[in-house]
Each structure stands twice: as C-alpha cells, then as structure tokens.
1. If I build a Gaussian network model for the chain, linking alpha-carbon pairs within less than 10 angstrom, which residue out of P26, P70, P116 has the largest mean-square fluctuation?
2. Listing E56, E198 from the residue with the fewest other Cβ atoms within 10 Å to the one with the most, what is the order?
3. Longest span of the chain, sites excluded, free of trypsin sites (Lys or Arg not before Pro) in DSSP loop with at most 16 other C-beta atoms within 10 Å?
4. Lys/Arg Cβ at +1, Asp/Glu Cβ at -1, dipole of the chain taken about the Cα centre: which of G178, L101, G168 is farthest positive-ward?
5. How big is the convex hull of the Cα atoms of the chain, per residue, in Å³?
6. Check which residues have an amide H placed less than 5 Å from G168's amide H, if you skip close sequence neighbours.
7. Remind me, relative contact order of the chain in percent, using alpha carbon pairs under 8 angstrom and six or more residues apart?
8. Could you check what % of the DSSP bridge pairs in region 5-207 are antiparallel, to the nearest 5?
Amino acid sequence: MKGPLSVLLLAAGESRRLRGMKPLLPFGKLRTSPFGQATLLEYQLDCLTALPEVGEVLVVLGHEPERLLPLLEGRRGVRAVVHQGYGEGPASSLRAGLRGLSAGVQAILIIAVDQPRPRWVLERLIAEHLQGKAPITAPAYRGRRGHPTNFAAALLPELLAISEGGWGLREVMSRHRGEVLDVELDTPAVLLDINTEEDYQEALRLLRV
C-alpha cells in the first residue's frame, strides 16, 4: 500500500447505545475472521485496503482494544493506535490518530467504524478529492452532506487543534465552509451512522451484506 492518502478509522468508543461492540457487529460473509463471521470492522478494512490510493490505514482503538487487535493482524498497511484516553471524547481519539500518521501524507480520510461505506463510494470520493483543488471533500445525497470526509494535509495543524467543546471536526469544516467540495452520490449510504438497532438493520439492507 503506497498510495498518497492516509485513512483514520475511528473505533475507540464504547458503543453504549447498541448491543455489544459496534466493530464486532456481524457484517457480511465474505471473510473468515477469528469470530467465525465477518465483522463491521473487517468490512471497513476490506473496502479501504482494496483502494490503490490508500497508503495506510490507522485504526484508533480505545475500549477493550485486545478484542479488536486480532482483526488487524496480517493486513498490510494497517496499524493500530491504542488511545488510553478515549474516554475524554472523540476529538481526543482523532488527535491521537493524527499524531500517528506517517510523514509525507498528502490527504487524510477520516471515517468512523459505525459509518460503513461501500468500496465504490470511497473510490469516487477519494478520486474527486485527489483530482480537485478543494481542501475538504465530502459526499452528499440529495443535498444533504454525509461522511466520510477528506482533508488536505495542509489542514493537519487545524485538525490537531480541535476540541470537544469546539465541536470537533465541525470547527475545521465551519472555518473552511466556502472551500468544501460536496460530491453528490446517488445513494443514501453516505448518510449511514449506526447508533441503534434500526440503523444497523438499515445498513445491512442498503449495503446488502
């Protein structure tokens, strides 16, 4: 994996609003995992590592990392960042991941483990970002902005300065609101965010896993 883009896959939370750990939710049947079936984390990693533009994937872990580390073993270009202070909030986990990025990164894709996206969506979004001149690129569906978001490496200092009280990534998005490229995609999958059982079932239906 030698592409120009680094990915931060955030998987540090406790999944308090859903049964079990979100990264371990059953999600597909294409991969044999230590858990006997594909998991949400594996689905995400399979989609991300299949893209030639992706040079590295940093998975930010926090809550019970020992349960998730086996899913990263043997994956080229995938590294874990274990953040002991994950309880401070998502902004602290994001900063921990950013500090682990390799030198020379050109762009950063930030995605949460509970925001599964099919490979073609990631592929289109990354291509639009790398080919364009906007510092921030995000997907949209029928005018509604979704996730994940691409950031130019030039914004790394601003990303490292985000805070919980300042609304995290929205601080940076708001500061550059006139420079965001919204990529309209014909799928509501870009709006998926798994927080409830209903969300989980909708994700399974939309992504047909």
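What follows is calculated from the coordinates using simple rules that are stated; it is not laboratory data. None of these values were measured; they are calculated from a predicted model. So basically every Cβ, Gly included, is an ideal-geometry build from the backbone, and we count neighbours across all protein chains shown.
1. Looking only at P26, P70, P116, the largest GNM fluctuation is found for P70.
2. Ranked by crowding around the Cβ, least crowded first: E198, E56.
3. By the stated rule (loop sites, at most 16 other Cβ atoms within 10 Å), 143-207.
4. L101
5. Taking the convex hull of the Cα positions in the chain, it is 116 Å³ per residue.
6. Those qualifying (amide H under 5 Å, at least 5 residues apart or on another chain) are S163.
7. Over the chain, the number comes to 23 percent.
8. Counting only bridges with both partners in region 5-207, antiparallel ones make up about 30 percent.
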